[in-house]
1. Give the number of residues within segment 92-108 that are loosely packed, with under 12 Cβ neighbours inside 10 Å and within 15 Å of the ligand (Cβ to nearest atom).
2. Provide a single number: the residues in segment 109-135 that are more than 12 Å from the ligand (Cβ to nearest atom) and without any contact (Cβ under 8 Å) to a residue 24 or more places away in the chain.
3. Determine, yes or no, whether A72 is part of a helix (DSSP H, G or I) and not β-branched (V, I, T).
4. If I ask for residues that are open to solvent by less than 10 Å² (accessible area, probe 1.4 Å) and in a strand (DSSP E or B), which ones from segment 27-51 would you list?
5. Would you mention how many residues in segment 7-26 are crowded, with 20+ Cβ neighbours inside 10 Å, in a helix (DSSP H, G or I) and more than 8 Å from the ligand (Cβ to nearest atom)?
6. Among (1) away from the ligand (no atom under 15 Å from the Cβ); (2) part of a strand (DSSP E or B), which single condition is R156 missing?
7. Tell me which residues, restricted to segment 87-145, are within 30 Å of E160 (Cβ to Cβ) and of a type in the set (A, V, I, L, M).
8. Given F149, F81, F74, which one is among the aromatic types (F, W, Y), in contact (Cβ under 8 Å) with a residue 60 or more places away in the chain, under 19 Å from P10 (Cα atoms) and within 14 Å of the ligand (Cβ to nearest atom)?
Amino acid sequence: MSETKIAVYPGSFDPLTVGHEDIARRSLKFADRVIIAVAHHPTQYKDRLFSVEERVAMIGECFADDPRIDVAHFSGLLVDFCASRKANIVVRGLRVVSDFEYEFQMALMNRELSPDLEMVFMTPAGEYTFLSASLVREIASLGGDVSRFVSPPVLRRLKERLRM
Ligand code: ADP
């Protein structure tokens, strides 16, 4: 039997958007399991909206329909987290050219740290290329309608948090 292909999809996911969901579900075309890994950012990430625990809970609810998609959180190096889960694929989304430089640098550094890890870059469905978690946070906090950009479990928590 061939080995199970496990992919890790790391990010902040504050909150998960339909663009993230699209990438995670598409990744099942080449991975048997996808672990959405919420990164802890101890210092530099000041404008967070949801705690890591809240993000994990929301992601779990959004993917409750598919047991092949799991959620976890991690601190420390991504390569160490991947090793601990026996994952050798990392998925990242590329939306616009400005994503590229950072992703390219990270990919090469991760390869230095862990030569067996492959980074896979995915493009979302066209209608999601403009979407980012930070835009969703901003629009929601200004009272805008984000119901097209996030799934119901996320929308519910956004409304609670921002008293929309
Ligand atoms: P952001 O705050 O920009 O949404 P995250 O750190 O939560 O960023 O994103 C995790 C990964 O998902 C990154 O690789 C990012 O490029 C990707 N991503 C975010 N939004 C989208 C989208 N709408 N379409 C495709 N990939 C996306």
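1. 6
2. 4
3. Numbers: part of a helix (DSSP H, G or I): no; not β-branched (V, I, T): yes.
Answer is no for this residue.
4. If the condition is that a residue be open to solvent by less than 10 Å² (accessible area, probe 1.4 Å) and in a strand (DSSP E or B), then V34, I35, I36, A37, V38 are the ones that fit.
5. Result for segment 7-26: 2.
6. Here R156 meets the rest and fails (2).
7. Scanning segment 87-145 gives V91, A125, L131, A133, L135, V136, I139, A140, L142.
8. Criteria check complete, one pass: F74.
The values are calculated or read from the model by the stated rules, or taken from the named source; none is laboratory data. Worth saying up front: this structure is predicted, and the values here are computed from it rather than measured. So basically every Cβ, Gly included, is an ideal-geometry build from the backbone, and we count neighbours across all protein chains shown. All accessible areas refer to the heavy atoms of the entire protein, side chains included, with ligands and DNA or RNA removed. Shrake-Rupley method; radii C 1.70, N 1.55, O 1.52, S 1.80 Å.
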